[in-house]
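The values are calculated or read from the model by the stated rules, or taken from the named source; none is laboratory data. Worth saying up front: this structure is predicted, and the values here are computed from it rather than measured. Counting neighbours? That spans all protein chains shown, and the Cβs are built from the backbone with ideal geometry, glycine included. Areas reflect the complete protein model, heavy atoms only, side chains present, ligands, DNA and RNA absent. Shrake-Rupley method; radii C 1.70, N 1.55, O 1.52, S 1.80 Å.
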Amino acid sequence: MKLATWNVNSVKARLETVVAWLKEAAPDLAVLQEIKCQDDAFPRTAFEDLGYNCAVHGQKTYNGVAVLSKRPLEDVTPRLPGGDADDHARYIEAIVPGDNGPVRVASIYAPNGNPIGTDKFKYKLAWLDRLHARAGKLLLDEEPFALMGDYNVIPTPDDVWDAKAWMGDALYQPESRAAFRRIEYLGLTDAFRACHAETNQYTFWDYQAGSWQKDHGIRIDHILLSPQAADRLKACGIDKHVRSWDKPSDHVPVWCELAI
């Protein structure tokens, strides 16, 4: 089963690009972030025509997450538990059947958190704490799951073109990186790092200052696997070439293959 995640930075603005990538990569399941539209405005037909079932948790203009699956979607749950007053559309979870049992997946769009020293940064850390709690609860079921998406965290200096350039950014703050590590240390596996030791592998290049042309990127889109899923990990990769397409997102897809 091929799983993928992609922050598309407006699904309607980049619909042709997303469809072209789905045809090329042919994931069994893809989770999207920053769809930037409400549920009823999501372009379902374009994806259903490719054989995907859709589950959407949208929001007008901002945020928004979705799950596209060639297999049936069950137990679809929008919103990350623990924040009843949080109206941001940043999380959706679902179960899909596998050949050897079901797999739970989540589409994650963690808060950016900038500028640091503000309520936005506090919200980022609190949201990651809620994700930590959710992951811990899911682990109790001892079932395969994949928490995939834009975590807005640069985990290590190996995941950024120049760490000094990001010292003042919420994505690289010690507190942000520690929150990500706490989630990993529950027993989850970074699928990309499990398959690739090389440095300077990125998933995001800013639109400004020629970042793409200079390869000034960061790795902030991650697939974290439960032990039961990690045991079945076959491959993981970053579709970097998509960043060079017309009307690209500033992120690129990340995918993994599981023997499920």
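A quick yes/no check of all residues on (1) closer than 20 Å to ASN7 by Cβ; (2) exposed (fewer than 14 other Cβ atoms within 10 Å of the Cβ):
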position	(1), (2)
ALA85	no, yes
ILE92	yes, no
PRO102	no, no
VAL105	yes, no
GLY113	yes, no
TYR123	yes, no
Condition check: open to solvent by less than 70 Å² (accessible area, probe 1.4 Å) and over 22 Å from ASP28 (Cβ atoms). Does LEU68 satisfy that?
no
Looking only at region 94-129, filter to residues that are part of a helix (DSSP H, G or I) and within 16 Å of the chain's Cα centre (by Cα); which one of those is farthest from GLU142 (Cα to Cα)?
LYS124
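Do you know which residues across region 43-62 are on the phi > 0 side of the Ramachandran plot and open to solvent by less than 50 Å² (accessible area, probe 1.4 Å)?
Filtering region 43-62 for residues on the phi > 0 side of the Ramachandran plot gives 51, 61.
Residue satisfying the conditions is GLY51 alone.
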Go through region 213-235 and give me each residue that's buried (at least 19 other Cβ atoms within 10 Å of the Cβ) and within 28 Å of LYS164 (Cβ to Cβ).
GLY217, ILE218, ARG219, ILE220, ASP221, HIS222, ILE223, LEU224
Within region 73-81, identify whether any single residue is under 19 Å from ALA126 (Cβ atoms), open to solvent by less than 20 Å² (accessible area, probe 1.4 Å), at pLDDT 95 or above and assigned to a strand (DSSP E or B), and answer yes or no.
no
Qualifying residue in region 137-146 (condition: outside any strand (DSSP E or B), more than 30 Å from ALA259 (Cβ to Cβ), modelled with pLDDT of 95 or more and open to solvent by 10 Å² or more (accessible area, probe 1.4 Å))
no
Anything in region 132-169 that is within 21 Å of SER107 (Cα to Cα) and free of Cβ contacts under 8 Å to residues at least 60 places away in the same chain? List them, or say none.
HIS132, ALA133, ARG134, GLY136, LYS137, LEU140, ASP141
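Being outside any loop (DSSP other than H, G, I, E, B), modelled with pLDDT of 95 or more, under 22 Å from ASP162 (Cα atoms) and of a type in the set (A, V, I, L, M, F, W, C) is the requirement here; does TRP255 meet it?
Working: outside any loop (DSSP other than H, G, I, E, B): yes; modelled with pLDDT of 95 or more: yes; under 22 Å from ASP162 (Cα atoms): no; of a type in the set (A, V, I, L, M, F, W, C): yes.
In short, no.
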Residue hits (region 22-51; farther than 22 Å from TYR62 by Cβ and in contact with an Asp or Glu (Cβ under 7 Å, 6 or more places away or on another chain)) are ALA25
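Open to solvent by 10 Å² or more (accessible area, probe 1.4 Å), under 20 Å from the mean Cα position of the chain (by Cα) and over 26 Å from ALA94 (Cα atoms) - does that describe any residue in region 158-170? Spell out how you get there, then give the answer.
Here is the first cut: in region 158-170, the ones open to solvent by 10 Å² or more (accessible area, probe 1.4 Å) are 158, 161-169.
So of that shortlist, the ones also under 20 Å from the mean Cα position of the chain (by Cα) come out as 158, 169.
Next, from what is left, pick out any that are over 26 Å from ALA94 (Cα atoms): 158, 169.
So far as region 158-170 goes, yes, one or more of its residues are open to solvent by 10 Å² or more (accessible area, probe 1.4 Å), under 20 Å from the mean Cα position of the chain (by Cα) and over 26 Å from ALA94 (Cα atoms).
Which is farther than 23 Å from LYS120 by Cα and not hydroxyl-bearing (Ser, Thr, Tyr), of ALA85, ALA46, ALA89?
Values: ALA85 fails: farther than 23 Å from LYS120 by Cα; ALA89 fails: farther than 23 Å from LYS120 by Cα.
The unique qualifying residue is ALA46.
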